[in-house]
1. May I ask you to say which residue of V89, V139 is of a type in the set (A, V, I, L, M), in contact with a Gly (Cβ under 9 Å, 6 or more places away or on another chain), crowded, with 18+ Cβ neighbours inside 10 Å and within 21 Å of A4 (Cβ to Cβ)?
2. Being free of Cβ contacts under 8 Å to residues at least 40 places away in the same chain and assigned to a loop (DSSP other than H, G, I, E, B) narrows it down to one of V52, V27, V11, so name that one.
3. Mind checking which pairs have a first residue in segment 115-143 that is under 16 Å from F157 (Cβ atoms) and aliphatic (A, V, I, L, M) and a second that is open to solvent by less than 60 Å² (accessible area, probe 1.4 Å) and at pLDDT below 95, Cβ under 6 Å, 6 or more apart or different chains?
4. Yes or no: E73 out of contact with any Leu (no Cβ under 9 Å at 6 or more places or on another chain), in a loop (DSSP other than H, G, I, E, B) and in contact (Cβ under 8 Å) with a residue 40 or more places away in the chain?
5. What helices (runs of 4 or more DSSP H) lie completely within segment 187-247 and have 3 or more residues being in contact with a Phe, Trp or Tyr (Cβ under 9 Å, 6 or more places away or on another chain) and open to solvent by less than 20 Å² (accessible area, probe 1.4 Å)?
6. Being in contact with an Asp or Glu (Cβ under 9 Å, 6 or more places away or on another chain) and within 18 Å of D43 (Cβ to Cβ) is the filter here, so list the residues in segment 114-125 that pass it.
7. When you look at T146, is it polar (S, T, N, Q), within 16 Å of ligand 1 (Cβ to nearest atom), crowded, with 20+ Cβ neighbours inside 10 Å and within 19 Å of the chain's Cα centre (by Cα), yes or no?
8. Filter segment 214-231 down to residues that are within 16 Å of ligand 1 (Cβ to nearest atom) and either of a type in the set (F, W, Y) or within 15 Å of the chain's Cα centre (by Cα) (or both) and give me whichever is farthest from L176 (Cα to Cα).
Amino acid sequence: MLRANYHTHTVLCDGSDTPEAMAEQAVRLGFEHLGFSGHMDPDIHMDWPAYVERIGALRERYAGVLDVLMGVELDNVYDPTCCPGAEYVIGSTHFLDVGSPEPLSVDSSPESMETLAREYFGGDWLALTRAYYELEARVYDRLHCTFVGHFDLVCRFNDQMRFVDETSAAYLAPALEAMEYLVGEGVPFEVNCGAVNRGRKRELYPRPELLRALHDFGGQILISSDAHQRELLDGGFDVAVRSAIDCGFTEVSILAHDATGAVEMRQVALDTL
Ligand SMILES: [Zn+2]
Ligand SMILES: [Zn+2]
């Protein structure tokens, strides 16, 4: 079993457990590494200095037992200078900047997606998803992120709404273009179990066609539970490992502090998990 997670939310943003409770759960699960990734985005932004202090204290408390990392889930349209000292950055696209008074979320409700499509894309869902992937393609240039979060989040509500055929060339083409560009920049992608864990979607992010393409482009992966509660800290890891192997991957990346205290990326063979 994979004994690390880097996409972890707490009560300091929109999670339901404290950082301390998440760390206790990680130890219970036999984790070696736990990365916190509080949200910094137009809707949810934390008291950053308080977060730094709280996670720093946990890192000290668990020294030698659990490697605690302080990351951030930074949104593509948010201020990239908002989180000094973050040890890693998840680059996530939750919003579209469509000229509305505030950026509009693709991650809040089917109703808000409907409004976004109708009012800003004339009801053309493919135009909406294309705009999303055009923004997604720039996530590394904007944020210099450590890895890309939930690459195809734009389809979060597609299971219920069926607004696009996620297997069609028309939908996939701009996604693949963005993916190839990001792989060329050397940034890994997460395999995100959050939506599957919470019963929101049948498929992981990225869905199988995209995960297979990621492998074929030569991309690298991390596996994340995107946990908002302690019970789901390792939720979906078995499914993610199986999907990654099915798509041709042999290794998963993990983040760890080295002897000097710097964060490095290491590779773990998937068939040992
Ligand atoms: Zn997210
Ligand atoms: Zn998240």
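The values are calculated or read from the model by the stated rules, or taken from the named source; none is laboratory data. The shown structure was predicted, so the numbers you read here are calculated from the model rather than taken from an experiment. Counting neighbours? That spans all protein chains shown, and the Cβs are built from the backbone with ideal geometry, glycine included. Surface areas here come from the heavy atoms of the whole protein model, side chains and all, with no ligands, DNA or RNA. Shrake-Rupley method; radii C 1.70, N 1.55, O 1.52, S 1.80 Å.
1. Details: V139 fails: within 21 Å of A4 (Cβ to Cβ).
Testing whether each residue is of a type in the set (A, V, I, L, M), in contact with a Gly (Cβ under 9 Å, 6 or more places away or on another chain), crowded, with 18+ Cβ neighbours inside 10 Å and within 21 Å of A4 (Cβ to Cβ) leaves just V89.
2. V11
3. From segment 115-143, the pairs are L116/L104.
4. On the way: out of contact with any Leu (no Cβ under 9 Å at 6 or more places or on another chain): yes; in a loop (DSSP other than H, G, I, E, B): no; in contact (Cβ under 8 Å) with a residue 40 or more places away in the chain: yes.
Criteria not met by E73.
5. Details: elements: 194-197, 208-216, 237-246.
Those helices (runs of 4 or more DSSP H) span 208-216.
6. Scanning segment 114-125 gives no hits.
7. Details: polar (S, T, N, Q): yes; within 16 Å of ligand 1 (Cβ to nearest atom): yes; crowded, with 20+ Cβ neighbours inside 10 Å: yes; within 19 Å of the chain's Cα centre (by Cα): yes.
Considered against the rule, which asks whether it is polar (S, T, N, Q), within 16 Å of ligand 1 (Cβ to nearest atom), crowded, with 20+ Cβ neighbours inside 10 Å and within 19 Å of the chain's Cα centre (by Cα), T146 comes out as yes.
8. Per the stated criteria, the residue is H228.
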